[in-house]
Amino acid sequence: MNHDLFTPDFKSTPYWWERTPRPDPGENGLPGNADVLIIGSGYTGLSAAIETTKRDRHTVVIDAQDAGWGCSSRNGGQVSTSIKPTFGELKSKYGADAALAILTEGNNALNWVESVVNENRIDCDFHRTGRFYGAHSPAALDMLRKKIEDTPRQLNHDAYIVERDQQYSEIGSDFYHGGIVHPYHASIDPGRYHQGLLDNAKARGAQIISHCEAKHISSDRDGHRVKTSKGTILAKQVIVATSGYTTGLTPWQRRRIIPIGSYIIATEPLPNGLPERLIPKARVITDTLKVIVYYRLCPQRQRILFGGRVSITETNPETSAPKLRKLMLQRFPELESVKISHSWMGLVGYTFDAMPHIGARNDIHYSMGYCGSGISLASYYGMKAGLKAVGDPEGKTAIDHLAFPGRLWYRRKPWFLAPTIFYYRWRDNRKTA
């Protein structure tokens, strides 16, 4: 370990786990039957379980790891309106009405998270801090202007351009050439939020069984028999809620989900006054570079949490941390002497069309592929998947009709990621040089 970069008490586990340790798995045995079996205990699975238990369905949620061990407790805690393609891109593919409906659901997803937090009194530091979306070049700022101009007014929600000579009101950095502010985007403590969903699902009667890996699914007229590491369970309905951790258990979905590593570091507490100078309004921040970064202050506004896509397959947080630190220092050179207290990674579920997908395949329900916007989309579409599983028409969504594209030549490893990210890095370096 490089002791010049890391604090003496450095941890290679998520910063969020300090305040919210992994839940006690207990000694729950696997029942023989269930009305609904949910595979995956992140935001998707728990949101689905809350809906099915509300409707008196005996619901069992299983996970190969601790509950919420995946990206639900590993993400950066940024909550947005979520849908990646622009209105113009969606309009060209699906028409104006469908594009408007899809993007409206992105707004609904953000509002859904806030309503769940408020109604269940989840102590998770949810705040509408707003988002600063930095332009890495003058051309990128022009692109952002056009994005605002081309988006229907009801979807912009008071988003506005910040010129370069005004950006110090948003970020204490000269790295960008202005940007957009989305004033209604939010920040959250994702570990605390997950714990709140977990407590809610348990209180409603859902059985949560950790360290119970699903190994095989067979279906007949009696339902779905799922063989697990703790035995076999017969379920009337199954919901697959694994997204970036989707395996060969469901090969059709696996060929459509691209697991991309997302890496985050947390700094040690910063000197008094420095956090306020670097991110004066405590915004969440992203930018227009293709190799994504995202960063924010921690809820106590003492540290910076900085994340990005800095590797293809690296899983050692001590190896990825210096790469993230380099990107952080490009934006904030003042942090040169600041050490890293935490470094970790998780898998984001991406799709070939950059869209989330929900539906059923061979009578097995699924919701996945949130493309880096999983807090809001997983919560919202998880809720919808739960409704679909019990036959509630309120489960209908604006993306039900979308084909879920895959690739015949993609089976196990996303071999195409390396050349793609290499190209994006080359393009980003050209435009920032």
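The values are calculated or read from the model by the stated rules, or taken from the named source; none is laboratory data. Please read these numbers as outputs of a predicted model, since none were measured by experiment. Cβ sites come from the backbone with ideal geometry, for glycine too, and all protein chains shown count toward neighbours. Note: accessible area is taken over every heavy atom of the protein model, side chains too, but ligands, DNA and RNA are not part of it. Shrake-Rupley method; radii C 1.70, N 1.55, O 1.52, S 1.80 Å.
Within region 19-49, take every residue that is touching a Leu at 6+ places or on another chain (Cβ under 7 Å) and open to solvent by less than 50 Å² (accessible area, probe 1.4 Å) and give me the one that is nearest to residue 305 (Cα to Cα).
Across region 19-49, the extreme among qualifying residues is 43.
Among the helices (runs of 4 or more DSSP H) contained in region 181-298, which hold 1 or more residues that are of a type in the set (A, V, I, L, M)?
Hits in region 181-298: 190-203, 274-278.
Look through region 307-357, keep the residues that are in contact with a helix residue (DSSP H, G or I) (Cβ under 9 Å, 6 or more places away or on another chain) and assigned to a helix (DSSP H, G or I), and return whichever of them is most open to solvent (accessible area, probe 1.4 Å).
If we take residues in region 307-357 being in contact with a helix residue (DSSP H, G or I) (Cβ under 9 Å, 6 or more places away or on another chain) and assigned to a helix (DSSP H, G or I), then 330 is most open to solvent (accessible area, probe 1.4 Å).
Would you please name the residue that is least open to solvent (accessible area, probe 1.4 Å), looking only at residues in region 203-231 that are free of Cβ contacts under 8 Å to residues at least 60 places away in the same chain and in contact with a strand residue (DSSP E or B) (Cβ under 6 Å, 6 or more places away or on another chain)?
Here the residue is 223.
Just one of 69, 16, 112 is closer than 30 Å to residue 215 by Cβ, out of contact with any strand residue (DSSP E or B) (no Cβ under 8 Å at 6 or more places or on another chain) and open to solvent by 30 Å² or more (accessible area, probe 1.4 Å); which is it? So that I can check it myself, show each step before the final result.
On the way: 16 fails: open to solvent by 30 Å² or more (accessible area, probe 1.4 Å); 112 fails: closer than 30 Å to residue 215 by Cβ.
Sole residue among the options that is closer than 30 Å to residue 215 by Cβ, out of contact with any strand residue (DSSP E or B) (no Cβ under 8 Å at 6 or more places or on another chain) and open to solvent by 30 Å² or more (accessible area, probe 1.4 Å): 69.
Conditions tested, residue by residue: (1) surrounded by fewer than 19 Cβ atoms within 10 Å (Cβ to Cβ); (2) over 26 Å from the mean Cα position of the chain (by Cα).
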| residue | (1), (2) |
| --- | --- |
| 138 | yes, yes |
| 149 | yes, yes |
| 163 | yes, yes |
| 166 | yes, yes |
| 170 | no, no |
| 175 | yes, no |
| 179 | no, no |
| 187 | no, no |
| 190 | no, no |
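Residues to consider are 29, 76, 68; find the one that is more than 20 Å from the chain's Cα centre (by Cα) and either modelled with pLDDT under 95 or not in a strand (DSSP E or B) (or both).
Of the residues listed, the single one that is more than 20 Å from the chain's Cα centre (by Cα) and either modelled with pLDDT under 95 or not in a strand (DSSP E or B) (or both) is 29.
Which residue pairs have Cβ atoms under 9 Å apart, sit 6 or more places apart or on different chains, and have a first residue in region 274-290 that is under 15 Å from residue 162 (Cβ atoms) and a second that is assigned to a loop (DSSP other than H, G, I, E, B) and among the acidic types (Asp, Glu)?
What qualifies is 279/170; 280/170; 281/170; 283/170; 285/170.
With respect to residue 82, is the statement that it is closer than 29 Å to residue 393 by Cα, modelled with pLDDT under 95, open to solvent by less than 20 Å² (accessible area, probe 1.4 Å) and touching a helix residue (DSSP H, G or I) at 6+ places or on another chain (Cβ under 6 Å) true?
Answer is yes for this residue.
Within region 169-180, track down each residue that is among the hydroxyl-bearing types (Ser, Thr, Tyr) and not in a helix (DSSP H, G or I).
173, 176
Go through the residues of region 376-392 one by one and say whether even a single one is open to solvent by less than 20 Å² (accessible area, probe 1.4 Å), aliphatic (A, V, I, L, M) and outside any helix (DSSP H, G or I).
Taking every residue of region 376-392 in turn, none turns out to be open to solvent by less than 20 Å² (accessible area, probe 1.4 Å), aliphatic (A, V, I, L, M) and outside any helix (DSSP H, G or I).
Being touching a helix residue (DSSP H, G or I) at 6+ places or on another chain (Cβ under 9 Å) and more than 21 Å from residue 288 (Cα to Cα) is the filter here; which residues of region 112-151 pass it?
112, 113, 116, 117, 120, 121, 122, 123, 124, 125, 126, 128
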